[in-house]
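A short write-up of the structure that comes next.
Since every read-out is calculated from the coordinates, none of them should be taken as a lab result. Every value quoted in this text rests on a predicted model; they were computed, and no experiment measured them. Counting neighbours? That spans all protein chains shown, and the Cβs are built from the backbone with ideal geometry, glycine included.
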Amino acid sequence: MKANALFIGWNRSIAGREQKSMQLFKKVMEYYGQLQTDGRIESFEPVVLANHGGDLNGFVLMKGDPEKLDEIRREDTFLDYSIEGSYCLENFGIVPGYVGDSIMDVFARWSKHFSS
């Protein structure tokens with residue numbers, strides 16, 4: 001079963017790289033918008049979390065066809081932006097995930113390991 005979502009999260013800008021982080025955010029939002037316009041992803045939702053003292057302060061949840069998401073993750077533009085994100089942001093990471101109907105598949109697999 002392949003993931004039908006990507007969770008792209010970060011903590012905060014690395015000190016001294018705040019301007020670079022903002023420039024990257026703008027470029028990435030345009031890029032994700034183009035992916036959606038082209039029908040390569042279903043949607044993306046950027047989220048900035050309220051101040052809470054934790055180490056996750058923002059993320060983007062990207063949803064789409066698993067094969068298309070896998071393809072995008074291997075493309076030069078996505079890889080370049082990911083490397084730049086690691087350079088500009090603390091705790092930057094990309095995690096495949098499951099949304100929608102795929103969640104039921106995950107729980108069905110998970111529940112096989114427990115007796116009733």
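Worth a mention:
- Structure-derived Rg and Dmax of the Cα atoms in Å: which label, when the choices are [x] 15.9, 55; [y] 16.5, 53; [z] 13.5, 44: [x]
- Electrostatic bookkeeping for LYS68 treats Lys and Arg as +1 and Asp and Glu as -1; over the other residues with beta carbon under 12 Å from its beta carbon, the sum is -2.
- Residue exposure sequence - ARG73, ARG109 - by fewest surrounding Cβ within 10 Å: ARG109, ARG73
- 27 Å Cα cut-off, lysine pairs counted over the chain (separation 8 or more, or different chains): 9
- Other residues whose C-beta falls under 11 angstrom from the C-beta of ARG12 contribute a net charge of -2, scoring Lys and Arg +1 and Asp and Glu -1.
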